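Structure record follows, encoded as structure tokens.
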Amino acid sequence: MTALTPLRAEHLFHGAFADEYHFLKLICPLSLVMSEKVAMAVAAFKAEHPEPRSLSAMEIGAGTGMTTQLILAALGEGSLTSIDNAPAMMVQAETHLKEHVASGRLRLKTDDALSALKDLPSESMDLVLSAYTFHNFLEGYRREVLKEVLRVLKPKGWFVNGDRYGVDDPAEHLKTIQDEVRGYFRVFREINRPDLLEQWVVHLLSDESDEHRMRLKPSIDSMQTLGFGLTTVSDRFEVNALLISRKPCL
């Protein structure tokens with residue numbers, strides 16, 4: 001079997017895990033909060049850039065379309081391209097977002113992040129947005145995606161990522177993950193779905209592997225090395241954080 005290279009997109013969302021990903025709202029209520037924070041960042045960008053023009057934005061990781069809907073509401077008349085490499089997730093997004101697609105404001109594309117970004121012209125996006133997707137990338141692949149994010153952003157554009165960023169203190173991080181697992185057992189016991197419990201625990205083990213886990217400060221340091229400018233962090237709770245990084249205006 002060929003070893004997975006760092007620059008190859010993984011396919012982590014399939015089967016019952018993907019088909020019933022809506023249970024995320026039960027086992028991680030903060031996920032909806034973070035999606036709302038990503039949309040609020042779009043509104044903040046508009047407030048800082050009030051010139052009368054339609055914004056262009058890209059969402060990496062459409063998922064079920066929950067975050068996408070909030071982004072579209074915040075964008076107003078702007079256009080959004082949303083991508084996901086999991087066909088099972090894209091089917092759900094297409095169902096939930098068909099009116100937005102029909103209006104012409106939303107384009108849904110089944111593709112991996114790196115390929116989709118490479119298809120875009122340089123300095124073509126005001127915003128690149130994501131919620132709970134980048135932690136699924138292998139570290140080397142993630143770095144290449146971030147390079148492309150920086151390339152496609154317009155000067156003064158924003159990269160907004162609401163995601164899992166490991167707590168810097170190892171003992172505190174471990175306790176947070178242990179509490180998360182206990183929450184899985186409680187929720188899936190209540191709904192009598194032990195089959196999904198197994199899949200969510202296995203997925204969490206992937207999230208927590210050395211090849212995937214993102215630490216906050218090292219992540220910011222790496223982005224600044226790539227050329228991102230001012231980066232702010234807000235809404236830090238447990239392993240969740242909202243990161244906004246600006247492209248410098250040279």
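Data overview
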| item | result |
| --- | --- |
| Enumeration of residues in the range 68-87 that are under 19 Å from Cys28 (Cβ atoms), in contact with a His (Cβ under 9 Å, 6 or more places away or on another chain) and assigned to a helix (DSSP H, G or I) | Thr68, Gln69 |
| Residue check for Ser234: surrounded by fewer than 17 Cβ atoms within 10 Å (Cβ to Cβ) and either outside any strand (DSSP E or B) or within 20 Å of the chain's Cα centre (by Cα) (or both) | yes |
| Pair list, Cβ under 8 Å, 6 or more apart: the range 162-177 residue surrounded by fewer than 12 Cβ atoms within 10 Å (Cβ to Cβ), other residue not in a strand (DSSP E or B) | Asp168/Leu216; Asp168/Lys217 |
| Selected residue (criterion: surrounded by the fewest Cβ atoms within 10 Å (Cβ to Cβ)) from residues of the range 68-107 that are β-branched (Val, Ile, Thr) and over 26 Å from Ala44 (Cα atoms) | Thr95 |
| Members of the range 195-242 that are in contact with a Pro (Cβ under 9 Å, 6 or more places away or on another chain) and either hydrophobic (A, V, I, L, M, F, W, C) or within 24 Å of Glu172 (Cα to Cα) (or both) | Glu211, Phe228, Leu230 |
| Qualifying position, being of a type outside the set (Val, Ile, Thr), at pLDDT 90 or above and farther than 27 Å from Ala39 by Cα, among Asp195, Asp126, Asp179 | Asp179 |
| Pairs, first within 16 Å of Glu36 (Cβ to Cβ) in the range 232-250, second part of a loop (DSSP other than H, G, I, E, B), C-beta under 7 Å, six or more apart | Ala241/Tyr165 |
| Top-ranked residue in the range 108-142 [being in contact with a Ser or Thr (Cβ under 7 Å, 6 or more places away or on another chain) and among the charged types (D, E, K, R); ranked as surrounded by the most Cβ atoms within 10 Å (Cβ to Cβ)] | Asp126 |
| Candidate set: the range 42-67, residues that are within 14 Å of the chain's Cα centre (by Cα), at pLDDT below 95 and not in a loop (DSSP other than H, G, I, E, B); chosen: the one surrounded by the most Cβ atoms within 10 Å (Cβ to Cβ) | Thr67 |
| Which numbered condition Asp179 fails, given (1) of a type in the set (Asp, Glu); (2) part of a helix (DSSP H, G or I); (3) touching a helix residue (DSSP H, G or I) at 6+ places or on another chain (Cβ under 9 Å) | (3) |
| Given (1) under 19 Å from the mean Cα position of the chain (by Cα); (2) not in a helix (DSSP H, G or I), number of the condition Asn192 does not satisfy | (1) |
| Residue match in the range 140-151 (condition: over 17 Å from the mean Cα position of the chain (by Cα) and under 19 Å from Ser219 (Cβ atoms)) | yes |
| Residue list for the range 110-133, filter: not hydroxyl-bearing (Ser, Thr, Tyr) and not in a loop (DSSP other than H, G, I, E, B) | Ala113, Leu114, Ala116, Leu117, Lys118, Met125, Asp126, Leu127, Val128, Leu129, Ala131 |
| Residue satisfying condition, being out of contact with any Lys or Arg (no Cβ under 8 Å at 6 or more places or on another chain) and closer than 23 Å to Glu36 by Cα, within set Arg107, Arg142 | Arg107 |
| Output for the range 134-169, where each listed residue is acidic (Asp, Glu), under 10 Å from Met214 (Cβ atoms) and not in a strand (DSSP E or B) | Glu139 |
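The values are calculated or read from the model by the stated rules, or taken from the named source; none is laboratory data. Please read all numbers here as calculations on a predicted model, not as lab measurements. Every residue, glycine among them, receives a Cβ derived from its backbone with ideal geometry; neighbour counts consider all protein chains shown.
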